[in-house]
Amino acid sequence: MPVLSPARAAIWGAILAAPAALFLGANLLNEAGFPALYNWIDPWIGRTGVWRFIGLGSPLVLLGGIGLALLLNALAITRLSTSSEATVDRGIRQDARRFTCTLTVEPHLPNIALLVTSGLILASLLAYVAVENYALIRTHAGN
């Protein structure tokens, strides 16, 4: 029996993924010429004033929330099991010198949607970090 039901995992996943989705959406809209959402969240992620602590913690909140959303939803819809004829220890069966197990995925649409969306958001954030760091290194190298 899972610790968290698929429905609850989807709710918690959406809550945990919301800051990253908001950040990514605001940046995309800002680049497209619609800065209203970005201007609203900018004080929360800025590096000055009262919100400095929040700004320093934003990478942890964004990446940590997405990571937890992915983990919760993946664990909610997957099961590790074996056949009943083998000695079972947490879903792993040992036959001679091999370990055998079966991974079962119960497709619940909200969890699958959150996994796909969170994965795309995570990939976008990591690509952004890579591009920004490349630009920063290139700027300081003088090229």
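Looking at the stretch 51-58, is at least one residue in contact with a helix residue (DSSP H, G or I) (Cβ under 7 Å, 6 or more places away or on another chain) and either at pLDDT 75 or above or small (G, A, S) (or both)? Yes: the stretch 51-58 contains one or more residues that are in contact with a helix residue (DSSP H, G or I) (Cβ under 7 Å, 6 or more places away or on another chain) and either at pLDDT 75 or above or small (G, A, S) (or both).
If you go through the stretch 105-118 and keep only what is surrounded by 15 or more Cβ atoms within 10 Å (Cβ to Cβ) and assigned to a helix (DSSP H, G or I), you end up with P110, N111, I112, L114, L115, T117, S118.
Condition check for N73 on (1) at pLDDT below 65; (2) surrounded by 11 or more Cβ atoms within 10 Å (Cβ to Cβ): one failure, at (1). If the condition is being closer than 30 Å to E106 by Cβ and either polar (S, T, N, Q) or under 11 Å from the mean Cα position of the chain (by Cα) (or both), then the stretch 16-42 contributes L16, A17, A18, P19, A20, A21.
The values are calculated or read from the model by the stated rules, or taken from the named source; none is laboratory data. Bear in mind that the values here come from a model prediction, so they are computed numbers and not experimental data. Because the Cβ atoms are built from the backbone with ideal geometry, glycine has one as well, and the counts that use them run over all protein chains shown.
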